[in-house]
Amino acid sequence: MAKIKYHMLVCGGTACHASQSEEILTKFKELIVSKGLETEVQAIKTGCFGFCEKGPIVKMMPDNTFYTQVKPGDCAEILEEHIIKGRKVTRLLYQDPETKERISDSRHMGFYKKQIRIALRNCGFINPENIEEYIARDGYLALGTVLTEMSPEAAIEILKKSGLRGRGGGGFPTGLKWEITRKVKAAQKYVVCNADEGDPGAFMDRSILEGDPHTVIEAMAINGYCTGASKGLVYIRAEYPLAVERLKIAMKQSREYGFLGEDIMGTDFSFDIDIRYGAGAFVCGEETALIHSMEGLRGEPTVKPPFPSESGYMGKPTNVNNVETYANIPVIFNKGADWFASIGTARSKGTKVFALAGKINNVGLIEVPMGITLREVIYEIGGGIRDDKEFKAVQTGGPSGGCLTKRHLDTPIDYDNLIAAGSMMGSGGMIVMDEDDCMVAIAKFYLQFTVEESCGKCSPCRIGNKRLHELLEKITQGNGTMEDIDKLRNLGTVIKDTSLCGLGQSSPNPALSTIDNFLDEYLEHVKDKKCRSKVCKSLMQYLVVPDKCIGCTLCARNCPVNAISGERKQVHLIDQEKCIKCGACLEKCKFGAIIIN
Amino acid sequence: MEKIKSLADLKKMQENLRAKIELREKSNDPDTRIQVKVAMATCGIASGAKEVMETFIEEFTKRNIDAVVTQTGCMGYCYAEPTVEVTKPGAEPITFGYVDVKKASRIIDKYIINNELVDGIIPVNYQSIDKN
Ligand SMILES: Cc1cc2nc3c(=O)[nH]c(=O)nc-3n(C[C@H](O)[C@H](O)[C@H](O)COP(=O)(O)O)c2cc1C
Ligand code: SF4
């Protein structure tokens, strides 16, 4: 059998499908047969290329030629020219919107350049349980170079120059933090890796530890050398068993190869790492609470200052950094501060990993340069909103963040812009919402989370958030007043101003930002007693359409609370007092006679 | 394992290992090694990646195909787990999504043996930094 020489990949994603990709595929298959090319050319349907805007897409392999907006009428020409004569069909090549240049190799297209993998460089590429594969990809080279060729001060200078800021949420400049810890005089210091990752829906840190544990170990050792610490601690939640296991394997290998332990790589620097387990409390991600938890005390935050850099674990200077922050560090030393600083915006350098979730086509983990817009992330990388629904909002920063709207679609994503827009970077959760999501209910969901996770140490957070949650509950039940919206605003602001730790200081954000950006939805709930997304059950009414009801009694028999009455062959009626809005009747009715009002 | 005693040691070791990996990745001899990487993060394992990996290993041994099956971390395509990346010598890597035990056998029959593609390919939409 002859070996296939060409693969024609026809996009079978939802959007391209809607624009005739199926016909294109059929057409290609017919043409291949009619030209007798079955043994050489194969046309195949693939998943979404994510580039739906210019669909349908046809990609030719192995030469990577990328044809856009292909019509069934173009198929004959593509086959004739590209495959038989070996010439590209220029008019169908992707045109760069800015330079107007026709680009044939998809690897040079703006879209495919949108993701850059620094922190995730080895995830999905190497075997995380094999240290040799890590070494082959420059592993431990940064550590070796720093230990042998640089003073701690010089290494810190590089880090400062790179502009790297903490990826755990706060965005504090990493080099500066190391410098502060270095300057504190103490016989014993610690470096800590914060792998608590408590944001609902976030899994960036877990993926890094599962996919590339050595990078974290290497960066922690560099941190130890720079700050003057000989001991590292990884605080990881016990719910991440696989990450823990891979980390343990990596630590063992690292010791065997001499990257951890005494006199690392022939220098007089010694460093080792221990693992500490968290029980999965959100507040334990906060660095002071984390430290107390590691000390065996209650996981409660304490007032800063003193900062951990001055007095942390066991009262000793402690440098806390996030997993993703660490994952960037070896690359910065290998490729240089200038290279790193060339990626991103003026005050936010490098990339950020996001866990893209919610009502989006391509749910997954992405790493994008700072400064990319939400529109690019959602529509180009994320493949747009699922089921062609309308985009409503995107939540960033988890329970501490806020909701951004259509207005913000073209805002470049970086630490400062997100804060200016009323949200925050957070650790990288990004949840996309569509027209079916009720923003009041979303705010309530996050508040519920905060109320459960508040440690209860200070009253604005412990009591205030509970009150916020009650107010939101009242509004979603249709009992809210205009005064309640004002109360939400005022109380929210007070909680932010007076809480002890970052949890309370940011917990009102989901409520405040939805009030700012979706006031009309709050007003509808309060004034019209309506929930346009049909989420708030108390504001819904299940009704029988008399014209359509034939009196089959099916609904009445299925209603769990006997709220439906009516004789056989008579129009039925739903008792709104009794109805619990479970929707059983709507589901069962074969005549479309039940509607939601 | 002899410990690495200096930066020069490390670089030497890296040189050797890199050559090994290069051989694996860029080999032009079509009869030698084929690389199969199974994404085995929590998401992949939850959707059956372990069984898929075992299938690959078993089938390769049974059919006497010289291939390397490795596990790797999350590739980011969590919506399409389990995902498997297949690199044939001299060809660009191809990522397959929604791979179950059955599909694993189909990938071997169709793509690995015959160079035909199988449904469910995920277009690679990122570049690694080392290509910059
Ligand atoms: C309520 C709360 C939860 C936090 N959770 C995390 C977390 O899960 N992971 C993390 O790295 N940082 C978390 N932080 C931020 C840490 O306090 C700390 O700033 C961070 O670990 C510092 O590392 P970085 O500078 O590398 O970002 C949290 C902060 C607060 C207030
Ligand atoms: S703000 Fe909340 S979580 Fe933080 S210390 Fe106060 S009660 Fe505890």
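Is it the case that residue A:296 is within 16 Å of ligand 2 (Cβ to nearest atom), of a type outside the set (A, V, I, L, M, F, W, C) and more than 11 Å from chain B (Cβ to nearest Cβ)?
The answer is no for residue A:296.
Residue A:471 - would you say it is open to solvent by 10 Å² or more (accessible area, probe 1.4 Å), farther than 23 Å from residue A:194 by Cβ and free of Cβ contacts under 8 Å to residues at least 60 places away in the same chain?
For residue A:471, the condition - open to solvent by 10 Å² or more (accessible area, probe 1.4 Å), farther than 23 Å from residue A:194 by Cβ and free of Cβ contacts under 8 Å to residues at least 60 places away in the same chain - is met.
Within segment A:271-279, is there a residue that is at negative phi, of a type outside the set (Asp, Glu), assigned to a loop (DSSP other than H, G, I, E, B) and open to solvent by 30 Å² or more (accessible area, probe 1.4 Å)?
Within segment A:271-279 (the criterion being at negative phi, of a type outside the set (Asp, Glu), assigned to a loop (DSSP other than H, G, I, E, B) and open to solvent by 30 Å² or more (accessible area, probe 1.4 Å)), the answer is yes, since at least one residue qualifies.
Of these, A:354, A:282, A:333, which one is under 26 Å from the mean Cα position of the chain (by Cα) and more than 12 Å from ligand 1 (Cβ to nearest atom)?
The unique qualifying residue is A:354.
Could you say which residue among A:325, A:345 is of a type in the set (Val, Ile, Thr) and more than 29 Å from residue A:54 (Cα to Cα)?
The unique qualifying residue is A:325.
Condition first: within 12 Å of ligand 1 (Cβ to nearest atom) and either surrounded by fewer than 19 Cβ atoms within 10 Å (Cβ to Cβ) or in a loop (DSSP other than H, G, I, E, B) (or both). Can you find one or more residues in segment A:132-155 that meet it?
Within segment A:132-155, not a single residue is within 12 Å of ligand 1 (Cβ to nearest atom) and either surrounded by fewer than 19 Cβ atoms within 10 Å (Cβ to Cβ) or in a loop (DSSP other than H, G, I, E, B) (or both).
Just give me the residues in segment A:382-399 being in a helix (DSSP H, G or I) and either among the charged types (D, E, K, R) or touching a Gly at 6+ places or on another chain (Cβ under 6 Å) (or both), in sequence order.
A:386, A:387, A:388, A:398
Yes or no: residue A:327 assigned to a helix (DSSP H, G or I), open to solvent by less than 30 Å² (accessible area, probe 1.4 Å) and away from ligand 2 (no atom under 16 Å from the Cβ)?
yes
Does residue A:227 satisfy the condition of being more than 27 Å from residue A:132 (Cβ to Cβ), open to solvent by less than 10 Å² (accessible area, probe 1.4 Å) and over 28 Å from the mean Cα position of the chain (by Cα)?
Criteria met by residue A:227.
Of all helices (runs of 4 or more DSSP H) completely enclosed by segment A:407-489, which ones contain at least 3 residues that are within 16 Å of ligand 1 (Cβ to nearest atom)?
In segment A:407-489, the matching helices (runs of 4 or more DSSP H) lie at A:415-420, A:439-453.
Considering segment A:274-291 alone, what residues qualify as being within 11 Å of ligand 2 (Cβ to nearest atom) and not acidic (Asp, Glu)?
A:281, A:282, A:283, A:284, A:285, A:288, A:289
Got a sec? Which of B:110, B:50 is closer than 17 Å to residue A:211 by Cβ and not in a loop (DSSP other than H, G, I, E, B)?
Being closer than 17 Å to residue A:211 by Cβ and not in a loop (DSSP other than H, G, I, E, B) holds for just one of B:110, B:50, which is B:50.
Here are some residues: A:222, A:180, A:217. Which one is more than 28 Å from the chain's Cα centre (by Cα) and in a helix (DSSP H, G or I)?
Criteria check complete, one pass: A:180.
Tell me the residue from A:489, A:467, A:462 that is outside the structural domain of residue A:400 (by TED's automatic domain parsing), at pLDDT 95 or above, within 12 Å of ligand 2 (Cβ to nearest atom) and out of contact with any Cys (no Cβ under 6 Å at 6 or more places or on another chain), please.
Of the residues listed, the single one that is outside the structural domain of residue A:400 (by TED's automatic domain parsing), at pLDDT 95 or above, within 12 Å of ligand 2 (Cβ to nearest atom) and out of contact with any Cys (no Cβ under 6 Å at 6 or more places or on another chain) is A:462.
So which residues in segment B:88-132 are over 20 Å from residue A:40 (Cα atoms), modelled with pLDDT under 85, open to solvent by less than 30 Å² (accessible area, probe 1.4 Å) and in contact with a strand residue (DSSP E or B) (Cβ under 7 Å, 6 or more places away or on another chain), if there are any at all?
B:120, B:122, B:123, B:128, B:129
I'd like to check something: does segment A:502-512 contain any residue that is away from ligand 1 (no atom under 16 Å from the Cβ) and either open to solvent by 80 Å² or more (accessible area, probe 1.4 Å) or hydrophobic (A, V, I, L, M, F, W, C) (or both)?
Checking segment A:502-512: at least one residue is away from ligand 1 (no atom under 16 Å from the Cβ) and either open to solvent by 80 Å² or more (accessible area, probe 1.4 Å) or hydrophobic (A, V, I, L, M, F, W, C) (or both).
Give me the pairs: first residue in segment A:583-597 and modelled with pLDDT of 90 or more and part of a loop (DSSP other than H, G, I, E, B), second residue open to solvent by less than 80 Å² (accessible area, probe 1.4 Å) and β-branched (Val, Ile, Thr), beta-carbon distance under 6 Å, and six or more apart or on different chains, which are they?
If the second residue must be open to solvent by less than 80 Å² (accessible area, probe 1.4 Å) and β-branched (Val, Ile, Thr), the pairs left are A:593/A:544; A:593/A:545.
The values are calculated or read from the model by the stated rules, or taken from the named source; none is laboratory data. Since this is a predicted model, take the numbers as computed values, not measurements. We place every Cβ from the backbone using ideal geometry, glycine too, and count neighbours over all the protein chains shown. The accessibility values were calculated without ligands, DNA or RNA, using every heavy atom of the protein model including side chains. Shrake-Rupley method; radii C 1.70, N 1.55, O 1.52, S 1.80 Å.
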